[in-house]
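Notes to accompany the following structure.
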Amino acid sequence: MGKTRKTVPVIKTVSPAAAPGVPRRSSHEPVAHLSVDERVARGKAARTDVPRDSHEGFEPLPGRRDPLEILEVQAATRVPELIPVRYGRMAASPFAFYRGAAAIMAADLAGTPRSGLTVQACGDAHLVNFGLYNSPERRLVFDINDFDETLPGPWEWDVKRLAASFVVAGRSRGFSSKQRAAGTLAALGAYRSAMRQFSGMTALEIWYAKLELDQIMVNIAPTLDSRRTKLARGIREKAQGRDNLQAFGKLTTMVDGEPRFTHLPPLIVPLAELVSPDQAAAVTRQLHDVLRSYRATLSDDRRRLVEQYRLVDVARKVVGVGSVGTRAWMVLLLGRDSADPLLLQAKEAQASVLEPYVGRSRYEQAGRRVVAGQRLMQSSSDIFLGWHRGPGLDGVRRDFYLRQLRDGKGGFDPNLMRPEGMAMYGQACGWTLARAHARSGDPVAIAAYLGANDSFDRAVLDFSEAYADQNERDHAALVEAIAGGRIPALEGV
């Protein structure tokens, strides 16, 4: 059990107009341009009002909401037959549970101290939601890759979710408390150091900053023996090979001379198997309307590119852990011939789990919220990012965002990491999160709040160990509820 939470004043979130780069409620509102000295003073004042050691420990607030009830409320708006898959995946381990518990942690973080400095938050910044993908320039970059929950909010919440994920993952690997601390502090220290670096950079320098795989390899190469060098090269080669053509070959089969998505229920179900023959023509017309709506959200050049592709097939796909049950579709388009595929993913966007605690998004369309947040936080974003709102198969109007299904996608499996590898990975994640926050918030004020020593790092490490205890209790409650028949689960899927 962690230390009892200290009672400190909580600064109300500042007006978005006062936070450089954070999307404003209205484009007509004035933007405050503070001097560097004023921004430093703002950060130090926040440190006085909300001391860095106030972030230590975690104790659930009295009347804490039942975490399973939170999951059940989420399930009410999802595809019913896929809910047991989600519960089964979350029940697999405390770390798997943590991946799907963004809404639970958001409710818990709402009761913790906050400095009042706002950024475009990821909302689900655990360590698996970082990884590799191809930039538009065809270079592998390392960045945050999940923005379903993105919303302007406290920067501390992203940092705490990231730090706690290292502790939870370290426990799943059987790491000692000292080893877990090393990995977690590596991430926290990298965040603090990077924010200090960004505080001295120009806005354009921050905007163009990125972490490419080649740069990572140069930095870690001296620390790798021949076996680990081979593993690192394997990660690169695997990521480079996971593109549209690879996905096309893996996920489709030829039917009457045309490629079609394979049938692998419940993970992949072609649309033709979800509608009756009588509905097929109407659904086909609706799909073309969806593509027209989506193309209208792209810039002119990218719209022209997508227009060169014709719709061939659509299938429902189960993705991730926390996202299971939300509607996710694979869309197959072909250009000049079957050797010219474009695979898109259309993923349902709902309200961010942060909204009950920081306010509604300025974007009425949740898909647009995701796209706007992703473009703001990432150094390079998919050229096919767009959004759509329209009726689904059940006639209910829903929001979606679209992107390439796979474009050089690669990740680092925490289940295979050794302690030293997790520490190096933590450094990459910490730097990347700081860069994302510096693009949207005030790096000068945040750096001034953090200071030069590791007081904040140590406090959040303490929080993370305490929150990992809470996560284990919540996971045990899910396992018990499944065993008792309260919650249905389909394991191993």
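The values are calculated or read from the model by the stated rules, or taken from the named source; none is laboratory data. Computed from a prediction, not measured in an experiment: that's the story for all the values here. Because the Cβ atoms are built from the backbone with ideal geometry, glycine has one as well, and the counts that use them run over all protein chains shown. Accessible surface is based on the protein model in full, side chains and every heavy atom, while ligands, DNA and RNA are left aside. Shrake-Rupley method; radii C 1.70, N 1.55, O 1.52, S 1.80 Å.
Among the residues of segment 105-148 satisfying the criterion of being over 26 Å from Ile446 (Cβ atoms) and out of contact with any strand residue (DSSP E or B) (no Cβ under 7 Å at 6 or more places or on another chain), which is most open to solvent (accessible area, probe 1.4 Å)? The extreme case among them is Arg138.
At pLDDT 95 or above and more than 17 Å from Val460 (Cα to Cα), is that true of Arg138? No; evaluated as a whole, the condition is false for this residue.
Would you confirm whether or not segment 386-402 contains a residue that is assigned to a loop (DSSP other than H, G, I, E, B) and open to solvent by less than 10 Å² (accessible area, probe 1.4 Å)?
Here is the first cut: in segment 386-402, the residues assigned to a loop (DSSP other than H, G, I, E, B) are 392-396.
With the extra rule that they be open to solvent by less than 10 Å² (accessible area, probe 1.4 Å), the set shrinks to none.
Looking for residues that are assigned to a loop (DSSP other than H, G, I, E, B) and open to solvent by less than 10 Å² (accessible area, probe 1.4 Å), one finds none in segment 386-402, hence no.
Listed here are the residues, each with its yes/no results for (1) of a type in the set (Gly, Ala, Ser); (2) under 30 Å from Pro80 (Cβ atoms); (3) out of contact with any Asp or Glu (no Cβ under 8 Å at 6 or more places or on another chain); (4) not in a helix (DSSP H, G or I).
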| residue | (1), (2), (3), (4) |
| --- | --- |
| Gly430 | yes, no, yes, no |
| Asp469 | no, no, yes, no |
| His475 | no, yes, yes, no |
| Ile482 | no, yes, yes, no |
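Taking segment 160-204 as the range and being of a type in the set (D, E, K, R), in contact (Cβ under 8 Å) with a residue 60 or more places away in the chain and open to solvent by less than 50 Å² (accessible area, probe 1.4 Å) as the test, the residues that pass are Lys160, Arg180, Arg192.
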